[in-house]
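To keep things clear, I will list the structure first and then write my remarks on it.
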Amino acid sequence: MSGPSTYVPKSALGRWFESRLPIAGLIHGSFIAYPTPRNLNYWWTFGGILSFMLVAQIVTGIVLTMHYTPHVDLAFASVESIMRDVNWGWFLRYAHSNGASMFFVAVYIHMFRGVYYGSYKAPREVLWILGVIIYLLMMATGFLGYTLPWGQMSFWGATVITNFFTAIPLVGDAITTWLWGGYSVGNPTLNRFFALHYLLPFMIAGVVVLHVWALHVVGQNNPDGIEIKNVNRDAVAFTPYATIKDSFALVCFLILYAWFVFQVPNYLGHADNYIEANPLSTPAHIVPEWYYLPFYAILRAIPSKLGGVIAMFGSIAILAFLPWLDTSRVRSGKYRPMFKIFFWAFILCCLGLGYLGSMPAEGGYVIAARLLTTYYFGFFIIILPLLGIFETPKPVPASIADAVLARNGGAAAQPAE
Amino acid sequence: MATSSTVEPTRRDFLFIATGAAGAVGVGAVAWPLISQMNPDASTLAMASIEVDISAVPLGSIMTVKWRGKPVFVRHRTPKEIQEATSVPLAELPDPETDKQRVQKPEWLVVVGICTHLGCVPIGQAGSRGDYDGWFCPCHGSQYDTSGRIRRGPAPKNLEVPTYSFLSDTKLKIG
Ligand code: HEM
Ligand code: FES
């Protein structure tokens, strides 16, 4: 796709450097001259937004570390001192805690975009799987970070999640003790969680590089799910077209982010986390951060401990197999009338599971969670494989340019090059 | 290089495998300290036992003490509670154990206060002890009886009975 760069630096120094380390050419080829499909919509701007959020989390995280103390007796107080004493501390902490939420908002949109437009299909399977790995690392990082303030939710969230491992037959208890560094969540746990919370975002950054690399090998998918055939007709240059569009979307996204940070900074958090951790008393109603709620609902929907844990991890792992579960030859959901219906039902199912995850696990809530869990797995294991066989897709245009021209009634001008 | 016609392994093959094996053992030997350092350290292991004065626990109430960072419930059971615990048919229990197997003196029940589902601390305040008069776990609704045995809910096992001994009528050693 990107091919060997034809970039030639203008200055003599630039040319000297380029023949020794062609990094300017790499950047030029990846983010300036790189051909992007001309039919991309705003759902394609979330990759850029995600990159921004990763940087924002790393920057705010590093400065928080300068004031934070990872010790069971001091952690809670150090976070309170960040809130009250440290210059702009409240802002940094709210930017970081809400930043995590915004990061997940963006990643969920990004992933649902991928599902709707079939972005995981050949030749983008590896690209998709790298994305699933990033998502897993994000979940781990968010969980580790949430333990650091050492409030009641931090402590009990960490306790419940690490106890998942006790469900493993035979070695479960040994693994859990090893994770804790003791017989319960305690100071050694907090220390190692802090070390890992610092490490994982940099591992995410590494996988992001692979993700973007894979992207630039196979090229971007697009709303019509047709590959670029003629670069001049079907594509526009990354800069200025994608750069400007991504920047505009980012600014809109930042307005929402800023609204949370400045207007309702604790809305997505939980009041119990402003009570210091107490290993002898569990809050009456413990819930994880909102971005884990659908999985928490699946965990609680299954009446057996091991079964619940397997279903929960399975609900994430199954994403990696999506490229092979979807048997349809048509890539974009735009041309798949039946897929569309099941897709939107799937979105509602995920939102419903999220709601149920925040409710107590009793009575009607459990029954509803079981129904939705069935649909969740059914969507991947039954619906997607069968749809490819039984659905009659709509005719797909021959090229991106044809799709765009058809939409604009044949009146679209040639894109500038 | 060994050619496909030689059935006999060559000296090179041997060296190749021996070097690889030595390398694998070396990597394993270095990895072990890196993994093992995460297990409980000497100071954590040293805190392993405590002594508790139980003279002040009134009949019918539960004292919570901290042992190895977790709560331990010391429950002074009433005759009615003992009767409830001993009269259940084993067939009704998800994790069958008689009350006798779980206590040393019938009036004292000592259990680790950690729900065997995912580790929350079950509630034992009078009035919210669940349907079996034992404990109720707020996290996912597990219910325990007056012997700390699981009766209903997602928890698979009975509350764990720690190693303990009576040093005297009023002194208990846990661990
Ligand atoms: C993928 C990126 C990251 C995510 C999703 C993330 C998430 C979180 C979350 C959810 C919290 C709890 C916030 C609260 O409720 O107070 C937190 C706290 C914290 N994070 Fe991160 N984080 C990320 C990157 C980083 C990095 C790179 C560092 C350090 C270099 C860092 C350092 C900290 C510190 C010191 C705290 C404790 C202070 C506090 O609670 O506000 N984070 N993180
Ligand atoms: S932790 Fe007690 S029911 Fe889940």
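For this structure, a couple of remarks:
- Comparing mean-square fluctuations of A:333, A:29, A:99 from a GNM of chain A with C-alpha springs under 10 Å, the top value falls on A:29.
- The modelled label-to-label distance between residue A:244 and residue A:377, using points 7 Å beyond Cα along the C-beta direction, is 5.0 nm.
- Cα gyration tensor category, rounded, prolate or oblate, for the range A:1-154 with a/c compared to 1.5: oblate
- Here's the list of lysines a cross-link from residue A:229 could span, going by alpha-carbon distance under 25 Å and ignoring same-chain residues fewer than 8 apart: A:121, A:245, A:334, A:394.
- Per-residue ellipticity at 222 nm, computed for chain A from helices alone with -39500 (n - 2.57) per DSSP H run of at least four residues, works out to -19500 deg cm²/dmol.
- Computed over Cα pairs, the Kirkwood radius of the range B:59-157 leads via Stokes-Einstein (0.890 mPa s, 25 °C) to a diffusion coefficient of 185 µm² per second.
- Rounded, prolate or oblate (a/c below 1.5 giving rounded, otherwise prolate when a/b exceeds b/c) for the range A:29-285 by Cα gyration tensor: prolate
- If a spin label sat at a point 7 angstrom from the Cα of residue B:92 along the line to its beta carbon, the backbone N atoms of the range B:114-140 nearer than 16 Å would be those of B:130-135.
- Annotation: lysines with alpha-carbon distance below 16 angstrom to residue B:80 (same-chain offsets under eight excluded): B:100, B:105.
- Counting Cβ atoms of other protein chains within 10 Å of each residue's Cβ and taking the mean over peptide A:332-341 gives 0.
- Working from Cα pairs under 8 Å separated by at least six residues, relative contact order for chain A is 23 percent.
- The modelled label-to-label distance between residue A:267 and residue A:345, using points 7 Å beyond Cα along the C-beta direction, is 3.2 nm.
- Charging the Cβ of each Asp and Glu at -1 and of each Lys and Arg at +1, and nothing else, the dipole of the protein assembly as shown about its Cα centre rounds to 1180 debye.
- Here the 3J(HN,Hα) profile of the range A:281-294, calculated from phi with Karplus coefficients 6.51, -1.76 and 1.60 at θ = phi - 60°, is 9, 8, x, 4, 9, 9, 10, x, 4, 4, 6, 9, 4, x Hz, Gly and Pro shown as x.
- Computed over chain A with a Gaussian network model linking Cα atoms closer than 10 Å, the most mobile of A:220, A:263, A:152 is A:263.
- If R0 is 35 Å, the Cβ-Cβ spacing of residue B:41 and residue B:64 corresponds to a FRET efficiency of close to 0.85.
- Peptide A:156-164 has a mean of 4 when you count, residue by residue, the C-beta atoms of other protein chains within 10 Å of its C-beta.
- Residue-wise HN-Hα couplings along the range A:259-267, as the Karplus relation 6.51 cos²θ - 1.76 cosθ + 1.60 with θ = phi - 60° gives them from phi, are 4, 4, 4, 9, 9, 10, x, 9, 4 Hz; Gly and Pro carry x.
- For trypsin sites (Lys or Arg not before Pro), the sites in the range A:201-246 that DSSP calls loop and that have at most 13 other Cβ atoms within 10 Å are A:229.
- In terms of packing, defined here as the mean over residues of other Cβ atoms within 10 angstrom, the peptides A:36-48, A:394-406 line up highest first as A:36-48, A:394-406.
- Shielding by partners, peptide B:36-44 (average Cβ within 10 angstrom, other chains): 5
- Placing a pseudo-label 7 Å from each Cα along the Cα-to-Cβ vector at residue A:316 and residue A:355 gives an inter-label distance of 2.5 nm.
- Reciprocal of mean inverse Cα separation for the protein assembly as shown (Kirkwood radius, Å): 28.0 Å
- Packing-based ranking of A:176-188, A:304-316 yields A:176-188, A:304-316, ordered from highest to lowest mean Cβ neighbour count within 10 Å.
No lab work stands behind these numbers, since they all come straight from the coordinates. Values in this document were obtained by computation on a predicted structure and should not be read as measured data. Using ideal geometry, Cβ is built from the backbone for each residue, glycine included, and neighbour counts are taken over all protein chains shown.
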